[in-house]
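**Student:** A single structure is presented below for examination.
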């Protein structure tokens, strides 16, 4: 493990594009295949419309989200068609990622802080239950924090402060890892030690001995 990382007992991981490979182009293609040609206008790596922000902060239920997607598209999709197309963004977890987390947990306290939503959570958590652990994603962390449960999302400083308060942590004692620069900037401003995870970087290599 990198000596600079080993000194921090508390490590807070982001999920997408850090622990979980994702593909922002996949739902663009999936929605195009069922009739929507400009999904990337609504949702992308850099920005997203307020509809997705509302879902990621738990402000609207899945049923209302699907109704709004039907209204925007003008297409009579089923909820399952919407869920399936949008969830193509989620790729497969690597077994080596969970092996790393298990080993790291022997000497560090691990947390998760993710901007996500209930639809995607159901999808990737089931993948973990089926392939890796009956307890799902939460089993690998002392505590996992999800934007749709907290009612706020990164890079809002409130979500970082909520985690610090709930877990009784000080930011100077934590290493925060995220692939989004805005999230890194926000965390650093609050005093976190940070690592900006790059697109071609593999998280397992960061903690290899």
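A short reminder: the numbers here are calculations on the coordinates, not readings from a lab. Here the structure is a predicted model, which is why all the values come from computation and not from measurement. Backbone-built Cβ (ideal geometry, glycine too); neighbour counts: all protein chains shown.
**Student:** What value, in deg cm²/dmol to 500, does the helix sum -39500 (n - 2.57) over DSSP H runs of n ≥ 4 give at 222 nm once divided by the residues of the chain?
**Tutor:** Calculated at 222 nm, the ellipticity per residue is -12500 deg cm²/dmol.
**Student:** Further question: Going by C-beta contacts inside 10 Å, put 83, 67 in order with the fewest on the left. Don't skip to the answer; put the middle values down first.
**Tutor:** Details: 83 17, 67 14.
So the residues, fewest neighbours to most, are 67, 83.
**Student:** Treating the angle as unsigned and between 0 and 90°, give the value, to the nearest 10°, between the Cα long axis of helix 95-104 and the longest Cα principal axis of the chain.
**Tutor:** In the chain, helix 95-104 runs at an angle near 40 degrees to the longest axis.
**Student:** Relative to the longest principal Cα axis of the chain, at what angle does helix 62-73 sit, 0 to 90 degrees, rounded to 10?
**Tutor:** The angle comes out near 50 degrees.
**Student:** Which of the peptides 75-82, 191-198 is most tightly packed, and how do the rest follow, going by the mean number of other Cβ atoms within 10 Å of each residue?
**Tutor:** Descending packing order for the listed peptides: 191-198, 75-82.
**Student:** Still on this structure: Express in whole angstrom the spacing between the alpha-carbon centres of region 86-149 and region 22-83.
**Tutor:** 23
**Student:** When the Kirkwood hydrodynamic radius is evaluated over all pairs of different C-alpha atoms of the chain, what value in angstrom, to one decimal, is obtained?
**Tutor:** This gives a value of 17.9 Å.
**Student:** Please give the helix 157-167 orientation as an angle from the longest Cα principal axis of the chain, in degrees from 0 to 90, rounded to the nearest 10.
**Tutor:** Orientation of helix 157-167: about 50 degrees from the principal axis.
**Student:** In what order do 73, 147, 208 fall by count of nearby beta-carbon atoms within 10 Å, going from fewest to most?
**Tutor:** Ascending number of Cβ neighbours within 10 Å: 208, 73, 147.
**Student:** In cubic angstrom, how much convex hull volume per residue do the alpha carbon atoms of region 151-209 span? Write out the running numbers ahead of the final one.
**Tutor:** Working: hull volume 5.6 nm³, N = 59.
Per residue, the Cα convex hull of region 151-209 comes to 94 Å³.
**Student:** Kirkwood hydrodynamic radius of region 25-89 from all distinct Cα pairs, in Å?
**Tutor:** 11.9
**Student:** Which of the three applies to region 81-171, rounded, prolate or oblate, going by the alpha-carbon gyration tensor with a ≥ b ≥ c and a/c under 1.5 meaning rounded? Before the final figure, lay out each step's value.
**Tutor:** Details: a/c = 2.44, a/b = 1.15, b/c = 2.11.
It comes out oblate by the Cα gyration axes.
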